[in-house]
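Some notes on the structure that comes next.
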Amino acid sequence: MGQTLGCVMVTQSTVAIRESFGKFDGVLDPGCHLMPWCIGKSIAGYLTLRLQQLDVRCETKTKDNVFVTVVASIQYRALAEKASDAFYKLTNTKQQIQSYVFDVIRASIPKLLLDDAFEQKNEIAKAVEEELEKAMSMYGYEIVQTLIVDIEPDAHVKRAMNEINAAARQRLAANEKAEAEKIIQIKRAEGDAESKYLAGLGIARQRQAIVDGLRDSVLAFSEGVPGTSARDVMDMVLVTQYFDTMKEIGAQSKSSSVFIPHGPGAVKDVAAQIRDGLLQAQHGGASSTAPSLL
C-alpha cells in the first residue's frame, strides 16, 4: 500500500536499498520515505544492522591425531556506511563466514596437541577473528566477537581421558589412605608401648608396696606379740594370702568348683608346704622369698 501511494517506511535498526531503473540509487535510513515508482524508483531489499550470531561446527584433528569437533561462535553485523557492499557483494553471508572459520581452524588445530588445543582456545579464537575481520571488512561487515565455545574430542578419546583422570585420582586416594593407615598404626604402636610401660611401672610399684606392707606387718606383729618370731608371722601372712588367692580363683574363674585341702590339719599342711618351698628356694640361691612367691 505504501509503495502504491509512493511512500515507504523503514523500521528501526534496518536500512533499505533503493534502486532507480535497476541501478543502486542510495540507502534509506529508518523512517518514512517518498518513493515515486512512476519514475523508476523501487526498493531492492532491506538490510538489518542488528548484531547477529553464527555458530560454526568444524571437525578436524590435532597434532597427535585425535579428531575433535570445534564449535566457534561468530558475532557480526553489517555497517550502515557500507550497506551497499553488504547487500550487493555477498550472496550468502553466513556461508562465507563459515568458510573462513573452517579455513582458520583447520590450519591452527593440526599444529597443536589435544591438551594444548584446550589451553589455547583464546589464541585460536583471536586468529579466527583477525582473519574474518580482514576478509569481511571489504564486504561491509564488522566482526564484533569470536569465541571458541567448545572442543569436543572423539567419544572414545573422551572416555579414555576420563579413565586416565579417574585412575590418577584413585591412585592419589590410595596413597592418602595408605599414609593415613600408616599414621594410625604408628600411633597405635606408640600408644601400646606407652601403655605397657605405664603398666610395668604400676606392677613394679604394686610389688614394692606389697613388700613394704608385708615388712611392716611382720614388724608390727612381732612387737605386739612377744615371743613370736618373724618366720611365724611370715608363715601366717603367706597362709592368709594363699586362702585369699583361692577365694579370688573361685570368684573369677569359669570353673564351677575348686578342690582344696580341708580338715583341722589342712592349714598346718599348707603352711608346711609353703615353708618347705621357701627353704628350697633359699637353698637354690634365691635372693628373696617373698617376691618369688608373689
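Structure summary
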read-out: Rounded accessible area per residue of segment 159-211, 1.4 Å, Å²; value: 88
read-out: Solvent accessible area, Å² - Cys38, 1.4 Å probe, full protein context; value: 100
read-out: Taking all pairs of distinct alpha-carbon atoms in segment 1-71, Kirkwood radius in angstrom; value: 15.1
read-out: Dimensionless Rg ratio for segment 1-129, taking C-alpha atoms and the 2.2 N^0.38 Å reference; value: 1.51
read-out: Apportionment of accessible area to carbon and sulfur, segment 69-221, percent (1.4 Å); value: 52
read-out: Accessible surface of Ser217 - all protein chains present, 1.4 Å probe, nearest 10 Å²; value: 60
read-out: Accessible-area ranking of Met9, Met138, Met161, largest first, probe 1.4 Å; value: Met9, Met138, Met161
read-out: Which of Lys94, Lys121 is most accessible, then next, and so on - probe 1.4 Å; value: Lys94, Lys121
read-out: Surface accessible to a 1.4 Å probe, Thr240 within the full protein complex, Å²; value: 70
read-out: Sequence of Arg188, Arg215 from largest to smallest accessible area, 1.4 Å probe; value: Arg188, Arg215
read-out: Segments 28-35, 74-81 sorted - mean Cβ within 10 Å per residue, highest first; value: 74-81, 28-35
read-out: Neighbourhood net charge (13 Å Cβ-Cβ; Lys/Arg +1, Asp/Glu -1) for Ser42; value: +1
read-out: Pairs of Lys in segment 59-186 closer than 28 Å at Cα, counting only those 8 or more apart or on different chains; value: 28
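The values are calculated or read from the model by the stated rules, or taken from the named source; none is laboratory data. Keep in mind the model is a prediction, meaning the values are calculated, not measured. In this analysis, Cβ positions are derived from the backbone assuming ideal geometry, glycine residues included, and neighbour counts consider all displayed protein chains. Please note that ligands, DNA and RNA were not included when accessible areas were found on the heavy atoms of the full protein model with its side chains. Shrake-Rupley method; radii C 1.70, N 1.55, O 1.52, S 1.80 Å.
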